[in-house]
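Here's the structure we're looking at; comments come further down.
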Amino acid sequence: MSEITPDLVRHLGVLARIQLSDEEVEQLTGQLDVIVDNIAKVSQVATADVPATSHPVPLQNVFRPDVPGDMLTVDEVLQNAPDAADGRFRVTAILGEEQ
Amino acid sequence: MSDLTRLSAAELSSALASGEVSSVEATQAHLDRIATVDGDVHAFLHVSDHALDVAADIDRRRAAGEALGPVAGVPLAIKDVLVTTDMPSTSGSKILEGFMSPYDATVVARSRAAGLVPLGKTNMDEFAMGSSTEHSAYGPTRNPWDLDRIPGGSGGGSAAAVAAFEAPLALGSDTGGSIRQPAHVTGTVGMKPTYGGVSRYGAIALASSLDQVGPVARTVLDSALLHDVIAGHDPHDATSLTDRWPSFAEAAREGARGDVLKGLRVGVITELPDSGFQAGVSASFREALDAMQAQGAEIVEISAPHFEYGVAAYYLILPAEASSNLAKFDSVRFGMRVNVPGGTVEDVMAATRDAGFGPEVKRRVILGTYALSAGYYDAYYGSAQKVRTLIQQDFDNAFTQVDVIATPSAPTTAFRLGEKIDDPLQMYLNDVTTIPANLAGVPGISIPSGLAAEDGLPVGIQFLAPVREDARLYRVGAAVEATLVDRWGGPLLDRAPILGGTR
């Protein structure tokens, strides 16, 4: 068994900015436990002498000329915003009362 | 001409070029077909309201003597993971409902420039997370061979659209098999190009070290024709290869007429025993190998000892990268925002992501957050990246002995809707044969190998080639397709049930 507990799942929800319900936490705890048990086997063959691969076809130093690219207009940037004002995204309060 | 929707893209292109058929006629025929069958199949999330205008423009330009590309005027379905300026792009998620992109994905822009006529956007598992299209926030797509069964995933909509003759061509994306596994279960052709061979600019990212855009079609040549349109370097995608690609259509034509199977060394993986597959899938695979042998191919057993760790590595790397990529759905810049009275921006964000993401997306984001969290990174993500190296080495060793590797494209035929939805691990194990290609970056193609005896459903055979050898897959795929279609006396899809009222 892995160490997936409801408290850990709730904490991961906070880190991932997903407000999980108690039901979701319970369901995810059981499912992740089974999944983590299964995928942990990667460590069986991932010994210290094996280099890691991040990209399958690695490229290095992908540069482009230092000139402005294809830019979106402010209107285009804001066209899908849930809320906007004065050419900016509008959001609710950044800080809560207790902060 | 009787039914324009039954023509291959290559045949339709010829008819368009000769003036025998107009693009408006071809487009109207496919829109009519969509109106007739898509209520049952649900391959499309959105059907374009101006496809006929686009088609009419192509017809005008052709009439004016303009030199058009080989597939100009042919209709195209586009997976909803690819952003389009003229149709909504949701990636199958509620959180992006109604999203209108200010720019086109590069593959979409290239398709438009080639004169392809976008018909609409196809259904998919939410953010391409799934193997059945059941994780779409807009309801599942159904398999045209049996409407009670899954069309594969995540690109079930694109595969079902071509299988149901709603479009001759479609664009897909393949992160762990999302083009090839749907091709397998729908009796169609799907190609995952070499990593970096096709631009991902404008593809809503799932796992950036695995994602690849590619063609979906009913024939190998059609797939190659679309691949020719979308391939090539794109400065907007930093992982895009600068290679100059050969004509894939020419490779497919060469394969179909030539004798490329003679002396071809085909690797069969010892560690993927027949016992791991549905009996009818194994039998169909063996029959296809026999047919290749009869044409002079040599079957060679090869060892790929680390492939069995592929699924485990994939389900660490994918959730880790997805949890990062999906952080952009923050309720601030685009997409859904849930109203939380008195809530801070963080409260709104967390409530929005809970309401806007489906269960599979939450599962993978939480799993990825776990795998990347302090103290676990080396054990999980780091180890999974080492497995990638080992799998690449397995491929390198194999390709010193063989020209291509063959596997069944997936372990079973299409399963029933709902059958695996509550068992995520079983769903993940579907991808055992397709995942190694994504981990290693090599190209892979699935073509129909026949029907499984026990259920009469389609089976696909997958071919894998070394990185950058996409053309080899078109040569071999077309040769095998020609051999099998000749044996069958016609394409496999001729045996699919007739949709649209006569079921």
Which pairs do you get when a residue that is away from chain A (no Cβ under 12 Å) and on the phi < 0 side of the Ramachandran plot, found in segment B:182-210, comes within reach of a residue that is assigned to a loop (DSSP other than H, G, I, E, B) and of a type in the set (Asp, Glu), reach meaning Cβ atoms under 6 angstrom, with the pair 6+ apart or on two chains?
B:199/B:234; B:199/B:237; B:200/B:211; B:200/B:237
So residue B:239 passes all but one of these: (1) polar (S, T, N, Q); (2) away from chain A (no Cβ under 14 Å); (3) under 27 Å from residue B:397 (Cβ atoms). Which condition number does it fail?
(2)
For segment B:410-447, enumerate the residues that are of a type in the set (A, V, I, L, M, F, W, C) and either under 13 Å from the mean Cα position of the chain (by Cα) or within 14 Å of another protein chain (Cβ to nearest Cβ) (or both).
B:421, B:425, B:427, B:429, B:432, B:435, B:437, B:439, B:440, B:442, B:445, B:447
Given (1) within 12 Å of chain A (Cβ to nearest Cβ); (2) within 20 Å of residue B:315 (Cβ to Cβ), identify the lone condition not met by residue B:466.
(2)
Against the definition (part of a helix (DSSP H, G or I), hydroxyl-bearing (Ser, Thr, Tyr), touching a residue at least 60 places away in the same chain (Cβ under 8 Å) and closer than 18 Å to residue B:171 by Cα), how does residue B:27 come out, yes or no?
yes
Would you point out the residue of segment B:307-338, among those that are polar (S, T, N, Q) and at the interface with chain A (Cβ under 9 Å from one of its Cβ atoms), that is nearest to the chain's Cα centre (by Cα)?
B:323
Could you give me the residue pairs with C-beta distances under 6 Å whose first residue belongs to segment B:292-309 and is over 11 Å from residue B:405 (Cα atoms), whose second residue is surrounded by 14 or more Cβ atoms within 10 Å (Cβ to Cβ) and of a type in the set (Asp, Glu) wherever it lies, and which are 6+ apart or on separate chains?
B:306/B:394
Please specify each residue of segment B:313-333 satisfying the condition of being of a type in the set (D, E, K, R), closer than 22 Å to residue B:367 by Cβ and free of Cβ contacts under 8 Å to residues at least 40 places away in the same chain.
B:328, B:330
Which residues, counting only those in segment B:358-395, are of a type in the set (S, T, N, Q), part of a loop (DSSP other than H, G, I, E, B) and closer than 21 Å to residue B:128 by Cβ?
none
Can you list the helices (runs of 4 or more DSSP H) found entirely within segment B:102-190 that contain at least 3 residues being surrounded by fewer than 24 Cβ atoms within 10 Å (Cβ to Cβ)?
B:106-113
Selected residue [at pLDDT 95 or above, touching a helix residue (DSSP H, G or I) at 6+ places or on another chain (Cβ under 6 Å) and surrounded by fewer than 22 Cβ atoms within 10 Å (Cβ to Cβ)] from B:256, B:320
B:256
How many of the residues making up segment A:3-29 are closer than 15 Å to residue B:353 by Cα and not in a helix (DSSP H, G or I)?
6
Looking at residue B:377 and the list (1) in contact with a Leu (Cβ under 9 Å, 6 or more places away or on another chain); (2) more than 7 Å from chain A (Cβ to nearest Cβ); (3) among the hydroxyl-bearing types (Ser, Thr, Tyr); (4) more than 18 Å from residue B:130 (Cα to Cα), which single condition is not satisfied?
(1)
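Conditions (1) free of Cβ contacts under 8 Å to residues at least 60 places away in the same chain; (2) more than 17 Å from residue B:149 (Cα to Cα); (3) touching an Asp or Glu at 6+ places or on another chain (Cβ under 8 Å), marked per residue:
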site	(1), (2), (3)
B:403	no, yes, no
B:437	no, yes, no
B:449	no, yes, yes
B:454	no, no, no
B:459	no, no, no
Would you pick out the residues in segment B:294-306 that are more than 10 Å from chain A (Cβ to nearest Cβ), outside any helix (DSSP H, G or I) and not β-branched (Val, Ile, Thr)?
B:295, B:296, B:297, B:298, B:301, B:303, B:304
Which of the numbered conditions does residue B:462 fail, given that it passes all the others? Conditions: (1) under 16 Å from the mean Cα position of the chain (by Cα); (2) among the polar types (S, T, N, Q); (3) part of a loop (DSSP other than H, G, I, E, B).
(3)
Give segment A:25-43 a look and list any residue that's free of Cβ contacts under 8 Å to residues at least 24 places away in the same chain and at the interface with chain B (Cβ under 7 Å from one of its Cβ atoms), or say none.
A:28, A:31, A:34, A:35, A:38, A:39, A:41, A:42, A:43
Residue satisfying condition, being within 18 Å of residue B:223 (Cα to Cα) and either of a type in the set (A, V, I, L, M, F, W, C) or crowded, with 21+ Cβ neighbours inside 10 Å (or both), within set B:437, B:479
B:479
Single condition residue B:475 does not satisfy, out of (1) more than 17 Å from the chain's Cα centre (by Cα); (2) more than 15 Å from residue B:191 (Cβ to Cβ):
(2)
Scan of segment A:44-99 for residues that are assigned to a helix (DSSP H, G or I) and more than 8 Å from chain B (Cβ to nearest Cβ), ordered by number:
A:74, A:75, A:78
Residue B:164 of a type in the set (A, V, I, L, M, F, W, C), at pLDDT 95 or above and under 23 Å from residue B:321 (Cα atoms):
no
Taking segment B:334-361, which residues are hydroxyl-bearing (Ser, Thr, Tyr) and either on the phi > 0 side of the Ramachandran plot or free of Cβ contacts under 8 Å to residues at least 40 places away in the same chain (or both)?
B:344
Hey, among B:364, B:388, which residue is buried (at least 19 other Cβ atoms within 10 Å of the Cβ), more than 7 Å from chain A (Cβ to nearest Cβ) and in contact (Cβ under 8 Å) with a residue 60 or more places away in the chain?
B:364
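The values are calculated or read from the model by the stated rules, or taken from the named source; none is laboratory data. All values derive from a computational prediction rather than experimental measurement. Every residue, glycine among them, receives a Cβ derived from its backbone with ideal geometry; neighbour counts consider all protein chains shown.
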